[in-house]
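Read through the structure below, which is laid out as structure tokens, and then see the notes.
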Amino acid sequence: MGNRTALYQSHVDAGAKIVDFGGWDMPINYGSQIEEHHTVRQNAGMFDVSHMTVVDVTGPDARAYLRTLLANDIAKLDDFIGKALYSGMLNEAGGVIDDLIVYHLDGWYRVVVNCATRDKDLAWMTRQSEGFAVTLQERADFAMIAVQGPKALAQAKQALPEQNDLIDGLKVFHGAAAGDWFIARTGYTGEDGLEIMLPEADAPALWQTLIDNAVAPCGLGARDTLRLEAGMNLYGHEMDETVSPWQANMGWTIDLKDAERDFIGRAPLEAQQAEGVPAKLVGLVLRERGVLRAEQTIIVDGVEATGVITSGSFSPTLGFSIALARVPAEAEVEAVVEVRNKRLPVTIVKPNFVRHGQSLV
């Protein structure tokens, strides 16, 4: 038996197929992963993401601490209460310990990290806090529900009429407190939506209220195909401690503007940039029959080095197979992938495929 969220019984009662996910007993689907995927693209679905780890960072040195800890610069949030920032948290060699979202909440910060990296993240954050006047509080008392899809905000407002003004006022990638709750306009699907952090005791009632207002429960299977179509990284696939953010399509999150900000991993990143990065993360499209899977080899004509698929699947929205892959920097438009002793032609595209239900490829 793994860890269980406050919504575990709700999943069982709904007939969910439960699997182990990073040590948590979580729903992979409620019957049809593809139907759940389409529901999020076309209507509104919700996910139990209570296994994610929430850490509140407070104290007079909270800002200085996070400016050292993160590759992106939270100084960007100084004038924007509630605004969120996506960043990598790097080791001394410039490898990615985790990717995360941090919210600025008027003098303190809320950080959301991945469940699979919880223990090492908390240990690293605690060790790096030495010398800073900060307090790190893990909010294990929180559950989190993600409501995603083109109708997500409208359906959430029906379920939460008392929060209509707050939801109407939320800009994309911002969050706001509602008593003991925190509602953010963020997500992991390429659709609009909300991530609602709330006390565990409140979660089952909200889950049922959302169901009563036409928001469909969805499992982690659909969440993975949705995030792949949106070109969003998954820790342990597109990045890990051996992978530079330059090679994980995270270069846009590296802020080098302030020469005085010596964040962890900065020197190796600058050296890599100066030397030239040998590989890049791209999208792949396979329009003929076949399914792209992680670990398949990518071959680029005229380039000795090979590439590798980091995440791949059939795309329910597009109707063909797509993948994220790390390929030699010289790769341009065409490549081949080795699938079951066959070499199939693939097209190299930007590493995102679907946004707001629309094809980008």
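Tabulated results
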quantity: Excluding exposed DSSP-loop trypsin sites (Lys or Arg not before Pro) (at most 12 other C-beta within 10 Å), longest clean stretch of the chain; calculated: 1-170
quantity: In segment 76-159, the GluC sites (Glu not before Pro) that fall in loop regions by DSSP, at most 16 other Cβ within 10 Å; calculated: Glu92, Glu130
quantity: Volume in Å³ per residue [convex hull over Cα atoms, computed for segment 125-211]; calculated: 124 Å³
quantity: 11 Å beta-carbon shell around Ala16, net charge (K/R +1, D/E -1); calculated: -3
quantity: Cut-off under 5 Å, modelled amide H: who pairs with Val339 long-range; calculated: Leu344
quantity: Quarter of Cα convex hull surface for the chain, i.e. mean projection, nm²; calculated: 18.3 nm²
quantity: Tail beyond 18 Å, pair distance distribution of segment 1-76 (Cα, percent); calculated: 57 percent
quantity: Calculated over segment 190-296: convex hull of Cα atoms, volume per residue (Å³); calculated: 195 Å³
quantity: Cα-only Debye scattering, segment 37-185: base-10 log of I(q)/I(0) at q = 0.17, 0.18, 0.20 Å⁻¹; calculated: -1.02, -1.12, -1.30
quantity: Across Lys120/Lys342; Lys17/Lys83; Lys76/Lys350; Lys171/Lys280, pairs whose alpha-carbon gap is larger than 28 Å; calculated: Lys120/Lys342; Lys17/Lys83; Lys171/Lys280
quantity: Residue-averaged 222 nm ellipticity for the chain, from DSSP H runs of 4+ at -39500 (n - 2.57), nearest 500; calculated: -6000 deg cm²/dmol
quantity: Accessible area expressed per residue, segment 279-361, with surrounding protein chains retained (probe 1.4 Å, Å²); calculated: 53 Å²
quantity: Accessible area of the chain belonging to carbon and sulfur atoms, whole % at 1.4 Å probe; calculated: 48 percent
quantity: Val308 accessible area, assembled protein chains, probe 1.4 Å, Å²; calculated: 50 Å²
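The values are calculated or read from the model by the stated rules, or taken from the named source; none is laboratory data. This structure is a prediction, so every number in the text was calculated from the model and none was measured. Glycine gets a Cβ as well: all are built from the backbone with ideal geometry, and neighbour counts include every protein chain shown. These accessible areas exclude ligands, DNA and RNA; they are computed on the full protein's heavy atoms, side chains included. Shrake-Rupley method; radii C 1.70, N 1.55, O 1.52, S 1.80 Å.
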